[in-house]
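Working notes for the structure below.
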Amino acid sequence: MNDADVQQIEVDVAIVGSGGAGLMCALHAHTANPELSIAVVSKGAVGRSGCTRMVQGGYNAVLNEDDSLDAHFSDTLEGGKYLNDQELARTLVHDAPRVIHELETRVGCFFDRNPDGTIKQKAFAGQTFDRTVHRGDLTGIEIMSRLRDQMFRIGVRELEDTRALEILRGRDGSCAGLICLDVQTGEFVLVRAPVVVVATGGAATMFKIAAPAREKTGDGVAMLMRAGLPVRDMEMMQFHPTGLLAGESRMTGAVLEEGLRGAGAHLYNADGERYMKRYDPERMERSTRDVVSRSSYLEIMAGRGTPEGGVLIDISHLGRAEVERRFPGMVERTRLIGSDLATRAVNVSPTAHFHMGGAIIDRDCVTEIEGLLVAGEDAGGVHGANRLGGNGVAESTVYGARAGDTAAQLVAERGAPPEPDDDQVRQAIETALAPIDRANGPDPFSITRRLKEAMWVGCGVVRSPDGLAETASTLDELSDELEAVSVPDVHAFNPAWHEALDLRNQLLVARAVVSGATLRTETRGAHARSDHPTARDEEWLKYLVLRLNGEAFDLTEVPVEFSHAAPAKQVVES
């Protein structure tokens, strides 16, 4: 393939991802400098794919005079088991009220109101105050629809159905842009930009039961690792406790959100017992996601699960009309699979949901590569070992906004993009084309199925040394098989080709998850070890940093800096 086969465009800011983080970034960059040329690169439809749109529950922000920023910050650290980067967590908490105001007054979102006209906030698990802003149980659709409207207003360049393949670097090592692939045409696109913002979302779809959108395959974190960035907390994959069970349907894994448990839903095992009294008798169903997921898993493994392999969530005691009024989206979703949340208990299971791990950033989304920013789920540190429900969409919009502000400043400082490394561009294209160029190789879809099964069984809700070792071995085998994968020799809209490209990213991120999970010999937040069932603060109040070195990872243990607060047994030095 020669240069004539590659479309080239040049912009000031290239944003990879069109969820809450990506579109807030575009909006803020434009506001800071309306003359900027901004491109949004989206694997799916801009503003109508990804996971922010799927958010049901809401957005945590301190708006009530009886609440406090300190309380929200404390809840976030307690939920994250003090593994959080406290500067990032504090920034999230302090910026969230301002961003909620911006979403209402500038973006045009409508959130539920109290009779006195103030924003209504509901209870979410793991929080000491009802601070979750929402629009019924369709909060994500409200936010993304209004952000999508703003994209029409500001006129960003949209590269829809275009997947980013690699981050390009100039000869000086700084960011030079992206090499991308148009899904519909099969044409490669070189996007030159002095500033690139990566905001693609996580990688939970590597598990058999998973909640995210199909396109969320770890592309951002994989590209960041290949670009040379260090990542942290990769072992911390959150399993939401209440994912639907619907057989072979794509609905399996879809989340029934936190607000159900906040509103008083009960969890039962197959014996009709409210089993959370065994694991967290004080908070019961309103315990944090990591605790509830692990409790449900243990019930199922102990033989007290339903015939479908799950547990039961029941909120029908509130009355049919009340459930239909408060949770219309979830009621409709359960009826689609032949159940009915409004009138009876529904089968649920833990479902892979959110990755707390990601690239190391500062509070302005800056990484160690000049011109390369990261926002949202692709970044690590904000949530520590476990994310509170309602802090996810807050992180996306808070840090998307900050990334946009930073991007505008960087463009002014950097000027024109550096020349990308021609060899890197050529290598990226050759690597992407390899499955098409090969013949008689294995099918990528079968490798994906085995990846999902291996990660679910060996690196899922509760992990063991033997399970992790077996999973690591399986991932090595699958990686070898991927090198031989062949797909039909068709460039335009070739699902098998894109499955192979997804697999390359998923396998790299999966290997990082298993590496971190193997090293961390304790249970903390979303990471649970059967051989070490409790937290070991004396040894493990530190986070794991991984950096890709060839085909292996260099791992470093870094003590957590208690810059604002410490767990009870720790002392903050003055």
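The values are calculated or read from the model by the stated rules, or taken from the named source; none is laboratory data. For clarity, every value in this text was computed on a predicted model and none was experimentally measured. When we count neighbours, we look across all protein chains shown, and the Cβ atoms used for this are built from the backbone with ideal geometry, even at glycine. Side chains are part of the model used for accessible areas, which takes the heavy atoms of the whole protein and leaves out ligands, DNA and RNA. Shrake-Rupley method; radii C 1.70, N 1.55, O 1.52, S 1.80 Å.
To keep it simple, each residue is scored yes or no on (1) of a type in the set (Gly, Ala, Ser); (2) surrounded by fewer than 19 Cβ atoms within 10 Å (Cβ to Cβ).
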| position | (1), (2) |
| --- | --- |
| Glu395 | no, no |
| Ala428 | yes, no |
| Thr431 | no, yes |
| Glu470 | no, yes |
| Phe493 | no, yes |
Exercise for the section: State yes or no: is Pro488 out of contact with any strand residue (DSSP E or B) (no Cβ under 6 Å at 6 or more places or on another chain) and touching a residue at least 24 places away in the same chain (Cβ under 8 Å)? Expected result: yes
Handout entry: Candidate set: the range 124-134, residues that are in contact with a strand residue (DSSP E or B) (Cβ under 9 Å, 6 or more places away or on another chain) and open to solvent by 30 Å² or more (accessible area, probe 1.4 Å); chosen: the one farthest from Leu260 (Cα to Cα)
Key = Phe129
Handout entry: Filter result for Ser174 (open to solvent by 10 Å² or more (accessible area, probe 1.4 Å) and polar (S, T, N, Q))
Key = no
Practice task
Scan the range 315-342 and report the pairs whose first residue is over 17 Å from Gly58 (Cβ atoms) and acidic (Asp, Glu) and whose second residue is part of a loop (DSSP other than H, G, I, E, B) and open to solvent by less than 60 Å² (accessible area, probe 1.4 Å), with Cβ atoms within less than 8 Å and a gap of 6+ or a chain change.
Solution key: Glu324/Ala342
Problem - Test set (1) more than 18 Å from Ala203 (Cα to Cα); (2) in a loop (DSSP other than H, G, I, E, B) - Glu477 fails condition number - result: (2)
Practice task
May I ask you to say which residue of Val133, Val40, Val93, Val62 is free of Cβ contacts under 8 Å to residues at least 40 places away in the same chain and either aliphatic (A, V, I, L, M) or within 30 Å of Leu181 (Cα to Cα) (or both)?
Solution key: Val93
Problem - Residue ranges of strands (runs of 3 or more DSSP E) in the range 183-290 with at least 2 members surrounded by 24 or more Cβ atoms within 10 Å (Cβ to Cβ) - result: 195-198, 237-244
Practice task
Could you tell me which residue of the range 1-24 is nearest to the chain's Cα centre (by Cα), considering only residues that are open to solvent by 50 Å² or more (accessible area, probe 1.4 Å) and acidic (Asp, Glu)?
Solution key: Glu10
Handout entry: Residues of the range 35-55 that turn out to be in a loop (DSSP other than H, G, I, E, B) and touching a Gly at 6+ places or on another chain (Cβ under 6 Å), as a count
Key = 3
Fill in the blank from the handout: Those residues of the range 325-359 that are among the acidic types (Asp, Glu) and modelled with pLDDT of 95 or more come to a total of 1
Exercise for the section: Mind counting the residues in the range 124-165 that are in a strand (DSSP E or B) and farther than 17 Å from Gly47 by Cα? Expected result: 3
Exercise for the section: Could you tell me whether any residue of the range 520-540 is in a strand (DSSP E or B) and under 22 Å from Ala359 (Cα atoms)? Expected result: yes
Problem - Residue within the range 25-34 that is touching a residue at least 24 places away in the same chain (Cβ under 8 Å), closer than 22 Å to Val156 by Cβ, open to solvent by less than 30 Å² (accessible area, probe 1.4 Å) and touching a Ser or Thr at 6+ places or on another chain (Cβ under 6 Å) present - result: no
Handout entry: Verdict on Arg450 being closer than 30 Å to Gln86 by Cα, open to solvent by 10 Å² or more (accessible area, probe 1.4 Å) and charged (D, E, K, R)
Key = no
Exercise for the section: Might you let me know whether the range 555-573 holds any residue that is touching a strand residue (DSSP E or B) at 6+ places or on another chain (Cβ under 8 Å), within 21 Å of Asp466 (Cα to Cα) and modelled with pLDDT of 95 or more? Expected result: yes
Exercise for the section: State which residue is nearest to Thr367 (Cα to Cα) when the search covers only the range 509-547 and only residues that are of a type in the set (A, V, I, L, M, F, W, C) and open to solvent by 40 Å² or more (accessible area, probe 1.4 Å). Expected result: Leu519
Completion exercise
Taking the range 308-359 and keeping only residues that are under 25 Å from Ala394 (Cβ atoms) and surrounded by fewer than 22 Cβ atoms within 10 Å (Cβ to Cβ), one is left with Arg326, Pro328, Gly329, Arg333
Exercise for the section: Scan the range 548-569 for residues that are hydrophobic (A, V, I, L, M, F, W, C) and either touching a Pro at 6+ places or on another chain (Cβ under 8 Å) or not in a loop (DSSP other than H, G, I, E, B) (or both) and report the count. Expected result: 5
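Here's the yes/no breakdown for (1) without any contact (Cβ under 8 Å) to a residue 60 or more places away in the chain; (2) outside any helix (DSSP H, G or I); (3) over 25 Å from Leu147 (Cα atoms):
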residue	(1), (2), (3)
Phe73	no, no, yes
Thr76	no, no, yes
Val99	no, no, no
Cys109	yes, yes, no
Problem - In the range 68-123, the residues that are of a type in the set (Val, Ile, Thr) and open to solvent by 40 Å² or more (accessible area, probe 1.4 Å) - result: Thr105, Thr118
